[in-house]
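A short worksheet on the structure shown next.
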């Protein structure tokens, strides 16, 4: 075995030259997604408190709220969206490991490059369309149309933010998979 745990197979298996700039970029993206994910994970407490308040107000006092249901939906939606980059940091998105794990490292790298094109289109679409939707919603002071009628733009702005976090983490993971950056994160 050579350094890095790969089987020796000639010159093509020599460790690639890594870039310190790529290492710093990947670590910064990891930190950003780690702390963003941890922050929004705490949203479950806000959701729980809103539901508890609604249950007590409705059952014990006969006074349901206008805001509780929408609060739980929108806070949960933002946490779900923003959590995409965090999930990708830990590589928890769906992949067919049964096939992928049987491929050689070189074939995996090629497959990662091909699938990254589709990932780029998806994440780029989230950023592009989400930005348009969020900006339009903000400039029109769009509400939800319910009796409480909170502004909906914060949820819509979360779409491009989530797309950007996902895209950054995808680039960081690809740099690691291709050997341009150190495989392990110093953050996680």
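Values in this text are rule-based calculations from the coordinates and carry no lab data. Since this is a predicted model, take the numbers as computed values, not measurements.
Pairwise over distinct Cα atoms, reciprocal of the mean inverse distance: report the Kirkwood radius of segment 17-177 in Å, one decimal place.
Details: mean 1/r = 0.0554 Å⁻¹.
Value: 18.0 Å, from the Cα pair sum.
Identify which of 108, 38, 58 has the largest mean-square fluctuation in a Gaussian network model of the chain, with springs joining Cα atoms closer than 10 Å.
Of 108, 38, 58, the most mobile in the Gaussian network model is 58.
With springs only between Cα atoms under 10 Å apart, run a GNM on the chain and tell me which of 165, 174, 66 wobbles the most.
66
Could you state the angle between the C-alpha long axis of helix 43-59 and the longest principal axis of the C-alpha atoms of the chain, as a value from 0 to 90 degrees rounded to the nearest 10?
Between the helix axis and the principal axis of the chain, the angle is about 20 degrees.
Can you give the angle from 0 to 90° between the axis of helix 20-41 and the longest principal axis of the chain, with both taken from C-alpha atoms, to the nearest 10?
With rounding to tens, the tilt is 30 degrees.
How far is the Cα center of segment 165-187 from the Cα center of segment 19-82, in Å?
26 Å
Could you grab the relative contact order for the chain? Cα pairs under 8 Å, six or more apart, rounded to a whole percent. Present the calculation step by step, with values, prior to reporting the outcome.
Details: 199 pairs, mean separation 60.9, N = 188.
In percent, rounded to a whole number, it is 32.
Pairing the Cα long axis of helix 68-89 with the longest principal axis of the chain, what angle in degrees results, from 0 to 90 and rounded to the nearest 10?
10 degrees
For the chain, what is the mean residue ellipticity at 222 nm derived from helices alone (per DSSP H run of n ≥ 4: -39500 (n - 2.57); sum divided by total residues; nearest 500 deg cm²/dmol)?
Details: 6 runs with 125 residues, N = 188.
Taken over the chain, the calculation gives -23000 deg cm²/dmol.
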